[in-house]
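The values are calculated or read from the model by the stated rules, or taken from the named source; none is laboratory data. Because the structure is a prediction, the values reported are computed rather than measured. Positions of Cβ are backbone-derived with ideal geometry, glycine not excepted, and every protein chain shown enters the neighbour counts. Calculation scope for accessible area: heavy atoms of the full protein, side chains included, ligands and nucleic acids excluded. Shrake-Rupley method; radii C 1.70, N 1.55, O 1.52, S 1.80 Å.
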Amino acid sequence: MLEYPTLAFRGKKYIADSDKNRKTFDVILVSGDAYVDHPSFPTAVIYRLLKHLGLSVAIIVQPDWNSDDDFKVWGEPNLFFSINSGAMDSMVSNYTSASMPRSKDRLSPDGKTGLRPKRALQVYVQKIHQLFKKSMIIVGGVEASMRRFSHYDYWENKVKDPILMDAPADLLMYGMGEAIYPIIVDWLKNGRKTEFPQIPQCVIKVKHDSWRDWLKDKYSLLPTVESCKTDKSVYMELAKILDVSMRPGADILIQQHPKGDIICFPPTAEVFDEEIAMMDRLKYNRRSHPIYEKPIPALEPVQFSVQSHRGCLSACSFCALSLHQGRIIRSRSKESILREIAEFTKHPDFKGIVPDVGGPAVNMYGWECAIGGCNRRTCLYPTICKNLKHSLKPLADVLKAAAKIKGVKKVFLGSGLRYDIIREDEWNIFEYIVFNHVSGQLKVAPEHFDKKVLHLMRKGENADFGAFAKKFYDSCSRHNKKLFLVPYLMTAFPGSLEGDKILIKKVKELHLVHEQIQEFTPTPGSMGSAMYYTETDFDGNKVWVPKTRTERMKTRTKLQK
């Protein structure tokens, strides 16, 4: 097994054997999650990556933000502090869609709540900045990515400044970090030769208008921070620009503010390629840290899951993933995935079951654009683009080969499939997948049944769950298979006043399980959040938005009668 990191947690310390005599570390990580040595947990990825680069690393997990002690436990780093709030936005981790405190935190020991503050990234950065004024601070993760520009905050019901205004870090890294940290480390080791690092997939804050003296590359000025706060139509304009900005070849984006301008550098094709290559090089214990006496609930369902790809081609307006990972699919090779699964057979906890092989949308493994991409980047909406090379065959080939690995009993698709993008001429491949790699229940996400709401959600022309369900159960009957569909549905979405009535009718008509229904939560960065705030659709037309708790709970209440 791999060595565990040097770790501090609420006053407890763990010193790995090789670090007993170490007095300083190159990098100190601060995280809002418990430490789980697994590729689905961002702090573990950063730790393993920095160790791969030859750096010494210590970690502070879930520190007590009301005291200085936890933050000072490892002293000052030689290079920088790296801070993330965890695998989820801390507001989502702490509060439900009804803004009530959550009863369980799956990313904390034994699901215990209260171990991370709300707005954790801001709290951690301010504390480190106060205690170590000369140290460099780098922030990343979902909370940083989604809040890198002006953003609507559901919990305060207002448009807030870019997070670097409140969290005084030197550098914000958005998206996935495997290819970015090596560039940052190289820049630091070479003496920070440039005052303003132009690093792909990074954001910096500079004095207002000072960038005009040194920024020579092509850039675009976004609507100013102030205009986004005072004019809802301008905020919607910002949202539409950012919606397609996470792609190689995009302009440098600048958002101006009297207290400092935000400069965002786009990713490059080389960075996207290296991101996948680096995933293959990093190894993990796939266990929680020995310092914990209680289990971390989030680990159990994913312990032996495999990430097959990054990015999502969907333009679903309720999801902000495209702003974090982009709409370009980066797939691992079949051989890489099989090597990782083969390694599981040597793990003492492995019982022969791989619960999931997937990514943001598992169907999209191996998909690519025949012309190399375009600026529109709405590959599936309103119709599937003719230039998209899409097939279930690459996924089926991986699953079939993985199931043949010695020591592997079963390989499942625990995260489900996008039912509305299955090709008619590939139904036989779909049947192979569900009959061999689905454990009784197939998870699907129709989200809604009303065509108008589906349009606002940017679901494509094939989003007909009723037709799919009939065909699915006909296949099961024909092959004498007993499988069930578990649909995920969403209420309280902008524009769903009449649509939710259709949703209620369909749920009862199809005898669907209502526990899989959730209220839409406006999170920073999504187009749905922009619609919620502005009460308009993409074209500026007014839409009804449920905003009071009674309005938001109305449909769920009727379904539960």
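Structure data summary
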| quantity | calculated |
| --- | --- |
| With all protein chains modelled, accessible area of Thr113 [1.4 Å, Å²] | 60 |
| Efficiency of FRET from Cβ geometry, Glu431 and Thr383, R₀ 22 Å, rounded to 0.05 | 0.35 |
| The stretch 304-373: relative contact order as a whole-number percent, Cα under 8 Å and 6+ apart | 46 |
| Most to least accessible of Ile329, Ile371 (protein chains only, probe 1.4 Å) | Ile371, Ile329 |
| Relative contact order (%) - the chain, alpha-carbon pairs under 8 angstrom, separation at least six | 12 |
| DSSP bridge pairs, the chain: antiparallel proportion in percent, nearest 5 | 40 |
| Unsatisfied cross-links (Cα-Cα over 32 Å) in the set Lys158/Lys459; Lys470/Lys547; Lys351/Lys558; Lys207/Lys240 | Lys470/Lys547; Lys351/Lys558 |
| Protein-only accessible surface order, largest first, of Leu512, Leu50 at 1.4 Å | Leu512, Leu50 |
| Added length on full extension, which subtracts the Cα-Cα distance from 0.36 nm per residue, Ile371 to Lys410 | 10.3 nm |
| Probe 1.4 Å - accessible area at Tyr473, Å² to nearest ten | 90 |
| Under 18 Å from the Cα of Lys189 - lysines, other chains or at least 8 residues apart | Lys51, Lys134 |
| Accessible area of Met88 in the full protein assembly, 1.4 Å probe (Å², nearest 10) | 80 |
| Cleavage-rule hits (GluC sites (Glu not before Pro)) in the stretch 137-245: DSSP loop, at most 11 neighbouring Cβ within 10 angstrom | Glu156, Glu195 |
| Rounded FRET efficiency, nearest 0.05, which uses the C-beta distance separating Asp68 from Asp110 and R0 of 22 Å | 0.25 |
| FRET efficiency for Glu195 and Lys259, using Cβ-Cβ distance with R0 set to 22 Å, rounded to 0.05 | 0.70 |
| Full-extension gain in nm, Lys346 to Gln126, via 0.36 nm per residue minus C-alpha separation | 74.9 nm |
| Residue-averaged 222 nm ellipticity for the chain, from DSSP H runs of 4+ at -39500 (n - 2.57), nearest 500 | -8500 deg cm²/dmol |
| Contact order normalised by residue count of the stretch 66-152, Cα under 8 Å, 6+ apart, percent | 43 |
| Carbon plus sulfur fraction of accessible area for the chain, probe 1.4 Å, in percent | 50 |
| Global form of the stretch 36-86, assessed from the alpha-carbon gyration tensor, a/c cut-off 1.5 | oblate |
| Inter-label distance for Glu551 and Glu535, nm, one decimal - labels placed 7 Å from Cα along Cα-to-Cβ | 0.7 |
| Spin-label pair Arg10/Lys158, simplified geometry with 7 Å Cα→Cβ offset, distance in nm | 3.3 |
| Between the stretch 361-381 and the stretch 454-488, the alpha-carbon center distance in angstrom | 22 |
| Distance cut-off 46 Å, percentage of C-alpha pairs in the chain lying past it | 11 |
| Residues of the stretch 36-64 with amide N under 18 Å of a point placed 7 Å along Cα→Cβ from Lys23 | 56-58 |
| Solvent-accessible heavy-atom area per residue, rounded to whole Å², over the stretch 255-331 at 1.4 Å | 34 |
| 1.4 Å probe accessible area per residue over the stretch 54-209, in Å² | 37 |
| Net length gained if the chain between Glu300 and Lys501 were fully extended (0.36 nm per residue, minus Cα distance) | 68.6 nm |
| Label-point gap, in nm, between Asp251 and Ser439 - each point 7 angstrom along Cα→Cβ | 4.9 |
